[in-house]
Every structure is written in C-alpha cells, then in structure tokens.
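In what follows, a structure is listed as structure tokens, so that the remarks can point back to it.
The values are calculated or read from the model by the stated rules, or taken from the named source; none is laboratory data. Since this is a predicted model, take the numbers as computed values, not measurements. So basically every Cβ, Gly included, is an ideal-geometry build from the backbone, and we count neighbours across all protein chains shown.
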C-alpha cells in the first residue's frame, strides 16, 4: 500500500513538473510596430507571429499593412518567455523566412509584460550561397576548411541580460560557421548557405603541410554561387 501511494504521488509530481504553462484565454496581450527596409521604406505583407519561446503554440499572428505597420491582439501566456517573430516561421529551431527577400528579427521578453511595443523594425535583404568543393587534381591530400557567414535572424532580448541562459542575450545577425575535412574517400562537398545580401562569406582552408589561406566571397546578389577546386 505504501508503495502504491509513493508511485501515485511520484506520478502526480512528475506530471506537474512536465506540464507546460497554460494559455490564459481571458487575458490579452498586444503587439505593435512597423517594418521597413534599410532605406526606411515600409514593407507590406511581412508576417508577424507571437508565440511562447519554448512551446509550439501561436498566441497571435498578423501581417504588416501597406504602410508597414502592424497591431494585433494576442492571447496571453501564463509564464516563461514569449517571442515576436518578424518574417520568421513558427518552427522552433528554424529561421524559415516567410518572405524570402528579407531577413528575420526575433524579439523575446518575459510573458508577464504582455505588450510588445517594438517601434520601427529594420530588415536587411536575405541572400543565399550555393557553395561547393570539388577535387579536380589527382591528389591524396586532405582539405581542412571552415566557412563563416552571417545568420539571417537577429535575436533581441527585451529585458535584463542573463549570462546563464543564451536565450537571454542578444544575437543580432550572429556569425554562422561550418567546418569539415575532405578526404580522398569523401573529396567533394556542397550545400546552400543562408545569409544576408551585402555581406561576405569567409572561406578558410588548408591542405596537408600547407598554411591556412583565406578567401572572401562577396554576397552581392540574392542568389550567389561559389565553387572551390583543389
């Protein structure tokens, strides 16, 4: 009997600890602001999503009007942090640009504040880089490399920064990196990099017994291509 009571008590405690915070249906939040490009021109039809930071729920969504402005009423969330996603989808770990021409911004704040007064939000233009590595020489060398680029999402925390949680610090268009090694068994590589128009991707590489070298790849177009041969 004591064992049964312990199991029931533990189960109830576990369920309470794992339940997510509730949507507060009788309480409302608000989000207002405007979206412009880097020249200050208003951007129409840019999607706005309000959601909890750690849960896949949409508390409110809308789009900017012809003057780039938005104002929406949202359902409130009981605790934790909420986000205002500007031109970004609802997938938790993905940027997922809704308008592929422009980059995204994500604002995070404590759910207790309930109001996002975001003012003027400037979006940079997005760009992609079709990047590939091809071995064209008859060599057994190994290629060690790293590619640095700029993220398409600007993370901004509206509150006091907290060093113990990366979600509570700004990460505006942070550096994205990928590093690999191409071997005779796997000599080639290709992928598409998502970045910002007007920035540069930095390719750092070396072959065996050689010093590192660096190549700057300007992203001047919406769609860019670069192939490295060794």
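The one condition from (1) over 16 Å from residue 28 (Cα atoms); (2) free of Cβ contacts under 8 Å to residues at least 60 places away in the same chain that residue 103 does not meet is (2). Restricting attention to segment 193-217, the residues being surrounded by 12 or more Cβ atoms within 10 Å (Cβ to Cβ) and either in a strand (DSSP E or B) or without any contact (Cβ under 8 Å) to a residue 24 or more places away in the chain (or both) number 14.
Determine, yes or no, whether residue 131 is under 23 Å from residue 199 (Cα atoms) and either in contact (Cβ under 8 Å) with a residue 40 or more places away in the chain or over 13 Å from the mean Cα position of the chain (by Cα) (or both). Considered against the rule, which asks whether it is under 23 Å from residue 199 (Cα atoms) and either in contact (Cβ under 8 Å) with a residue 40 or more places away in the chain or over 13 Å from the mean Cα position of the chain (by Cα) (or both), residue 131 comes out as yes. Residues in segment 113-127 that are surrounded by 19 or more Cβ atoms within 10 Å (Cβ to Cβ) and assigned to a strand (DSSP E or B) were compared, and the one that is modelled with the lowest pLDDT is 116.
Please specify each residue of segment 78-99 satisfying the condition of being surrounded by fewer than 14 Cβ atoms within 10 Å (Cβ to Cβ) and either closer than 19 Å to residue 36 by Cα or more than 12 Å from the chain's Cα centre (by Cα) (or both). Reasoning before the result, please.
Initial filter on segment 78-99 (surrounded by fewer than 14 Cβ atoms within 10 Å (Cβ to Cβ)): 78-79, 91-94.
78, 79, listed by residue number.
Checking the structure you have, find out if any residue of segment 102-112 is farther than 30 Å from residue 209 by Cβ and exposed (fewer than 15 other Cβ atoms within 10 Å of the Cβ). Yes, some residue in segment 102-112 is farther than 30 Å from residue 209 by Cβ and exposed (fewer than 15 other Cβ atoms within 10 Å of the Cβ). In this structure, residue 70 does not qualify as in contact with a helix residue (DSSP H, G or I) (Cβ under 6 Å, 6 or more places away or on another chain), more than 15 Å from residue 103 (Cα to Cα) and either outside the structural domain of residue 114 (by TED's automatic domain parsing) or surrounded by 21 or more Cβ atoms within 10 Å (Cβ to Cβ) (or both).
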